[in-house]
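Structure first, then comments.
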Amino acid sequence: LEALVSPEDTTDKAVVWTSDAETIVSVSADGKITAHRVGEATITCKTATGNKSDQVIVRVQIPADSLELEETDITLYVDEVRKINALIRPDNATYKNVKMSASNNLLALDNENANIRGVAEGTCVLQVSTPDGSLTETVFVTILPANHVYSDPVFVWNADYTECVAYRSCVNAC
C-alpha cells in the first residue's frame, strides 16, 4: 500500500500503518501487506501526528483453481428442473458455488441453487463460472417439448362412468 500525504509541500509525510487483525493480514512499516489466513482485516494509515487517517478493507480468500461439471451436454424437457453439479477445487476454496448465464431465454436460471429449468423448446449454451469469473465451463442444453409423465395410471371411462373403456400408464412421453 502507498500513502499519499497532501498537500505536496507538507514537511512531515511520515505515516503509521496498522491492522485490526494481524493474524489475518499484517502490514509492515512501509505499507507492505502479508496475508496469513482467510478472513478480513481493516488496514489503517495515520499521519505521524495522528490527525489524519484512512482505511482499506483487505479480504483474504482461497481462489478456485479448477471447475469441473458433472454434465456438459444436457437434454431436458420444458418445465423440467435440473441441478448443475459442479466440483470446485481446492476443497478449501473460499467460494464453492457457481454462477450461470444463458445464451438465450430458453432456460430459467436459479443461481442460488444451481438449477436450470426448460422454458421453451430449442437449444441454449449455458456458461457456468466461479463467482469471481476466473474459471468458466460450457454446457450445451437441448430443451424438448413438455414431457407428459403420469405418476398414477390413467383410466378412461364411458360417458355415464359405468365402464372403464381404456387404461394407460405413462412413464415417458404419451
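The values are calculated or read from the model by the stated rules, or taken from the named source; none is laboratory data. What you see is a predicted model, and the numbers here were worked out from it, not measured in a lab. Note: ideal-geometry Cβ built from the backbone for every residue, glycine included; neighbour counts use all protein chains shown. With ligands, DNA and RNA removed, areas are computed over all heavy atoms of the protein, side chains included. Shrake-Rupley method; radii C 1.70, N 1.55, O 1.52, S 1.80 Å.
Name the single residue, out of those in the range 77-107 being part of a strand (DSSP E or B) and of a type in the set (A, V, I, L, M, F, W, C), that is farthest from ASP132 (Cα to Cα).
If we take residues in the range 77-107 being part of a strand (DSSP E or B) and of a type in the set (A, V, I, L, M, F, W, C), then VAL78 is farthest from ASP132 (Cα to Cα).
Only one of ILE74, ILE43, ILE57 is closer than 30 Å to PHE140 by Cβ and in a strand (DSSP E or B). Can you tell me which?
Within the list ILE74, ILE43, ILE57, the selection yields ILE74.
Return the residues of the range 6-40 that are closer than 28 Å to ASN92 by Cβ, outside any loop (DSSP other than H, G, I, E, B) and of a type outside the set (Asp, Glu); say none if nothing qualifies.
SER19, VAL25, SER26, VAL27, ILE33, THR34, ALA35, GLY39 - these are the residues of the range 6-40 that are closer than 28 Å to ASN92 by Cβ, outside any loop (DSSP other than H, G, I, E, B) and of a type outside the set (Asp, Glu).
Which pairs do you get when a residue that is outside any strand (DSSP E or B), found in the range 119-145, comes within reach of a residue that is among the basic types (Lys, Arg) and crowded, with 17+ Cβ neighbours inside 10 Å, reach meaning Cβ atoms under 9 angstrom, with the pair 6+ apart or on two chains?
What qualifies is THR130/LYS99; PRO131/LYS99; GLY133/LYS99.
I'd like the residue in the range 140-163 that is among the aliphatic types (A, V, I, L, M) and either over 19 Å from THR72 (Cβ atoms) or buried (at least 16 other Cβ atoms within 10 Å of the Cβ) (or both) and, out of all such residues, is modelled with the lowest pLDDT.
Result: VAL149.
Within the range 120-139, how many residues turn out to be closer than 15 Å to LYS83 by Cα, open to solvent by 10 Å² or more (accessible area, probe 1.4 Å) and hydrophobic (A, V, I, L, M, F, W, C)?
Residues meeting the conditions: 0.
Would you point out which residue out of ALA102, ALA93 is surrounded by 13 or more Cβ atoms within 10 Å (Cβ to Cβ) and touching a strand residue (DSSP E or B) at 6+ places or on another chain (Cβ under 6 Å)?
Values: ALA93 fails: touching a strand residue (DSSP E or B) at 6+ places or on another chain (Cβ under 6 Å).
The match here is ALA102.
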